[in-house]
Amino acid sequence: MPKHSHYILHKPYGYLSQLVNNQDKRKNKRLLGELYDFAEGTMAIGRLDENSEGLLLLTTDGQVSEQIRSKKVEKEYYVQLDGIISPDALAELQVGVAISIKGTAYTTLPCAAVLLTQAPDVSPPSPHIRAGRHRPTSWIAITITEGKYRQIRKMTAKVGYPTMRLIRMRIGTIMLGKLDVANVKKVASF
């Protein structure tokens, strides 16, 4: 039985969650393969979009990828919002909101969403993020079990508080912790 490789990464802002460029139109994009010499066949488990940061797991084992992406595994994010979120908007997020996924109407599953009373201790933001320059912001922690395309960004925009910064902090029991930005840690298993 072949031995698989597994990695934990603190994905930086501005990188695509892929190792090689397979698109003709996106030639100048920064890719994870620039950060580390990953084993051949490595794939990201649940992507983070280019403007999102935080915990990203990578593996060469497709079965492990499927298990972690399942609805049985929680994914927790810290989200900086444009504006001070209202209790009503927070309640909307918790019960699920109607969003569009690739042009199809979709209602998100209920989730945990709580207001953070102070800004979390996270790495400094990219200079491209303009959070707090023109109006106040707030932070929430949101835990979901699904992971649709740009789901959290769509959810917060739907309730009137666009996402300024999105950081994945936890996948199942694996925490981002103090792993430095762009740092990769090879592990025996997840």
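What the table below lists for this structure:
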| item | result |
| --- | --- |
| Under 15 Å, Cβ to Cβ, from Thr42 - net charge with Lys/Arg +1 and Asp/Glu -1 | +1 |
| Lys178-Arg135 pseudo-label distance in nm [points 7 Å out on the Cα-to-Cβ vector] | 3.7 |
| Within the chain: Cβ-based charge dipole about Cα centre, in debye rounded to nearest 20 (Lys, Arg +1; Asp, Glu -1) | 360 |
| Amide proton proximity set for Gly83, modelled H, under 5 Å, gap of 5+ | Thr137, Ser138 |
| Residues with amide H under 5 Å from that of Ser17, placed H, sequence gap 5 or more | Leu48 |
| Sequence-distant residues sharing a close amide H with Gly54 (under 5 Å, placed H) | Lys11, Arg168 |
| Listed residue (Ala105, Thr173, His4) projecting farthest to the positive dipole end of the chain, Cβ model | Ala105 |
| Cα lying deepest toward the dipole's positive end in the range 34-114, options Tyr77, Pro87, Gly41, charges on Cβ | Pro87 |
| Residues Glu53, Glu76, Glu92, sorted so that the one with the fewest Cβ neighbours within 10 Å comes first | Glu92, Glu76, Glu53 |
| Value of relative contact order over the range 75-171, rounded to a whole percent, pairs C-alpha under 8 Å and six or more apart | 50 |
| Hydrodynamic radius by Kirkwood, which averages 1/r over all alpha carbon pairs of the range 125-168, in angstrom | 11.7 |
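Values quoted throughout were computed directly from the atomic coordinates according to the rules given, and no laboratory measurement underlies them. The structure displayed is predicted, hence computed values, not measured ones. Cβ coordinates were reconstructed from backbone atoms using ideal geometry, including for glycine residues, and neighbour counts include every protein chain displayed.
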